Amino acid sequence: MNDFYFKIDERFNEQTGLFGPPEPKRPSLGNQHHEAVDKILDRPRLETQFGKIINAMSDGLWHTQYEIARHLGVPQGSVGSQIRNARVDGYIINKRRRAQAGTWEYRMEGKKSV
């Protein structure tokens, strides 16, 4: 291992990087909503963002998360989260790898019938 990037801190017997010890691992939230999301206060913002993303994907064409985020002016991470939420809500969203780009693209086919 290259000593420039990592060193063993003998006082604590742990590995540290260039910027100090690694952050403690946080438990995975899975499909649960984060406690910082207030269902009443955040509902208009989240529903608006969700609606915008669903509307943008309703054309049936393939889009990357970056393309959707740039078009709508929302964070790219939010696009991925809302795609996941759409799947949970019953929307059929296909995913494929864009050739030679190392990027995934998504296409919405509609919503599952109940």
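Here is how the numbers come out for the structure above:
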{"item": "Within segment 74-112, tally of residues that are touching a residue at least 12 places away in the same chain (Cβ under 8 Å) and polar (S, T, N, Q)", "result": "5"}
{"item": "Residue list for segment 58-98, restricted to those being closer than 16 Å to Lys111 by Cα and among the charged types (D, E, K, R)", "result": "Asp59, Arg84, Arg87, Asp89, Lys95"}
{"item": "Failed item in (1) surrounded by 12 or more Cβ atoms within 10 Å (Cβ to Cβ); (2) touching a residue at least 24 places away in the same chain (Cβ under 8 Å), with His71 passing the rest", "result": "(2)"}
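None of the figures in this text is laboratory data; all of them are computed from the coordinates on show. Please read these numbers as outputs of a predicted model, since none were measured by experiment. Every residue, glycine among them, receives a Cβ derived from its backbone with ideal geometry; neighbour counts consider all protein chains shown.
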